[in-house]
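**Student:** Take this structure, written in structure tokens, and hold onto it; I'll ask about it next.
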Amino acid sequence: MDSDVRPTDAVTTRFWVAHPRLLALHVSEIASFVALVDSDGFTAAAESMNLSQGAFSSRIMRLERALGVVLVDRSFKRLTLTSEGRVFHPLAQSLLAVLAAIVDSVDSLNPASAAKHRG
């Protein structure tokens, strides 16, 4: 399903109208932010995701633009989260865990699909 496609169901439509910024969020950007915090720095996080530091930094900036907040205080040498970043981090971790559980649950219904995605 394309990210531009919005379902026509009235409840779903009201959801997207109430939360339009969700369409701009990408799982890879959220995962990058979690990796940044877990790695305690841009260089290590970029390496852990097999990205150049520039590409990784761009992901974080896109996420910040989509959310409309700054998550990382870039005025310090050491990784420092803003108050928004500190609030967002555990929520992002929870979201990624839920998404992984969804994929695992769907995969459990079709063992051949699960093997293909993991192997």
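**Student:** After finding the eigenvalues of the alpha carbon gyration tensor for region 1-115, what semi-axes result from the square roots of 5 times each, listed largest first in whole Å?
**Tutor:** Calculated on Cα positions only, the semi-axes equal 28, 20, 13 Å.
**Student:** Could you work out the helix-only [θ] at 222 nm for the chain, with each DSSP H run of four or more residues adding -39,500 (n - 2.57) and the total divided by the number of residues, to the nearest 500 deg cm²/dmol?
**Tutor:** Calculated from helices alone, the mean residue ellipticity at 222 nm is -21000 deg cm²/dmol.
**Student:** So between Trp16 and Asn110, what do we pick up on full extension, going 0.36 nm a residue minus the alpha carbon distance?
**Tutor:** Additional length available on full extension: 30.8 nm.
**Student:** Give me the extension gain from Val103 to Ala55: residue separation times 0.36 nm, minus the current Cα-Cα distance, reported in nm with one decimal.
**Tutor:** Gain on extension, Val103 to Ala55, equals 14.7 nm.
**Student:** Going 7 Å from the Cα of Ser83 in the Cα-to-Cβ direction, what parts of region 53-74 have a backbone nitrogen less than 18 Å from that spot?
**Tutor:** 68-74
**Student:** Another question, then. Got a sec to turn the phi values of region 82-93 into Karplus ³J(HN,Hα) couplings, 6.51 cos²θ - 1.76 cosθ + 1.60 with θ = phi - 60°, whole Hz, x for Gly and Pro?
**Tutor:** 6, 4, 5, x, 5, 6, 6, 4, x, 5, 5, 4
Any read-out appearing in this document is the output of simple, stated calculations on the displayed coordinates, not a laboratory observation. Quick caveat: nothing in here was measured; it's all calculated off a predicted structure. Virtual Cβ from ideal backbone geometry, glycine too; neighbours counted across all protein chains shown.
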